[in-house]
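K.L.:
A single structure is presented below for examination.
The values are calculated or read from the model by the stated rules, or taken from the named source; none is laboratory data. In this text, all values refer to a predicted model and were calculated from it rather than measured experimentally. When we count neighbours, we look across all protein chains shown, and the Cβ atoms used for this are built from the backbone with ideal geometry, even at glycine.
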Amino acid sequence: MATAPLSFAEIPRPEYPAPTVGTGSIVQIMFSLSLVIAAIMAVAWLLKRTNLTRQVGGEHLKIVAGVAIGQRERIVLVEVDDTWLVVGVGPGQIRTLHTLPRIEQTEHGTKPQAPEIPFQVWLKRFTEKKDEA
């Protein structure tokens, strides 16, 4: 004898337990998120330490040194081919302060030879001239 086909309402459904979020899964999510944030911060720190962003100009343009003289102002020594430019960088402006011929590196170390006039003396003279004008 043939059995009648079951209707959709008569098909037995498996019973699943209600989804629960335990403290173990929350701790795992927070730990994973912390690892991702720490990895992002580590990569940013490494990029800043290796100065990869400053080497965009290739061999023709290179930042030799820089010093902060205020919160948003810097004096930067830029090497362009065989010339060094002393550049003042501030918010919204860049000004060439002085031009020097490139100073060769010493054989024993990486310190450049001192120019004829020390930079501090030159900077003091430059700022005094600017104040008088």
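K.L.:
Yes or no: Thr53 in contact with a Leu (Cβ under 7 Å, 6 or more places away or on another chain) and either exposed (fewer than 10 other Cβ atoms within 10 Å of the Cβ) or modelled with pLDDT under 70 (or both)? Don't jump to the end; show me each part of the working.
P.N.:
Working: in contact with a Leu (Cβ under 7 Å, 6 or more places away or on another chain): yes; either exposed (fewer than 10 other Cβ atoms within 10 Å of the Cβ) or modelled with pLDDT under 70 (or both): yes.
Against the criterion (in contact with a Leu (Cβ under 7 Å, 6 or more places away or on another chain) and either exposed (fewer than 10 other Cβ atoms within 10 Å of the Cβ) or modelled with pLDDT under 70 (or both)), Thr53 qualifies.
K.L.:
I need the full set of residues from the stretch 77-100 which are closer than 19 Å to Val121 by Cβ and either among the hydrophobic types (A, V, I, L, M, F, W, C) or at pLDDT below 85 (or both), in order please.
P.N.:
Leu77, Trp84, Leu85, Val86, Val87, Leu97, Leu100
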